[in-house]
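All of the numbers you see were taken from the coordinates with simple rules; none came from a lab. The shown structure was predicted, so the numbers you read here are calculated from the model rather than taken from an experiment. Here the Cβ is made from the backbone with ideal geometry for all residues, glycine too, and neighbour counts use every protein chain on show.
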Amino acid sequence: MIVILGLAILVAAVIVGVAGVLANGGHAHAVTHFAVFGYHVTGSTGTLFLYGIVVGALAVGGLSLLAAGRSSRRGRAARASLAQSRRETAAVSQHRDDLISQRDTTRVHTVLDEQRNFTACTLGGADGSPRAGRDPGQAADAPAAQTPASVPVPVPAE
């Protein structure tokens, strides 16, 4: 939308400039006493108007180059800042991934240690000796509990 508006204004300015030069041409509109930097301008007011258009176009061109140079420096600074930010993000992401890996490794070792300790407690004493069917809560010197299959059943006398 802004480009179309700018193009319409440019076309209107060209039409006004051409109409101003053509309307002020000839000997009836002669310029007699006009000088720029010691150079005496001769011709008509239309010619003087045309010189004004050329000088204005050069001024606009210079301003656009100035603005482009300024935005170029800002763009370069923004790109450098973006590159620095991406490097920092990559470093932080790598550090985070390293910490996650360390955490996962520690969890695996903790689980394995807990499994070893649980197995050692339930299958044998602290010294690694088997409990031979005793209750894990039973003292090591207590006699082993008898299972129902090992208990002698009294046979009635006949």
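Key figures
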| read-out | value |
| --- | --- |
| Leading residue at positive end of dipole, segment 12-90 (Cβ point charges), from A67, H29, G17 | A67 |
| Scattering profile of segment 12-90 at q = 0.24 Å⁻¹ [log10 I(q)/I(0), Debye over alpha-carbon scatterers] | -1.06 |
| Highest average packing first - 23-30, 56-63, 2-9, Cβ atoms within 10 Å | 23-30, 56-63, 2-9 |
| Within segment 62-104: backbone nitrogen closer than 15 Å to the A12 label point (7 Å, Cα to C-beta) | none |
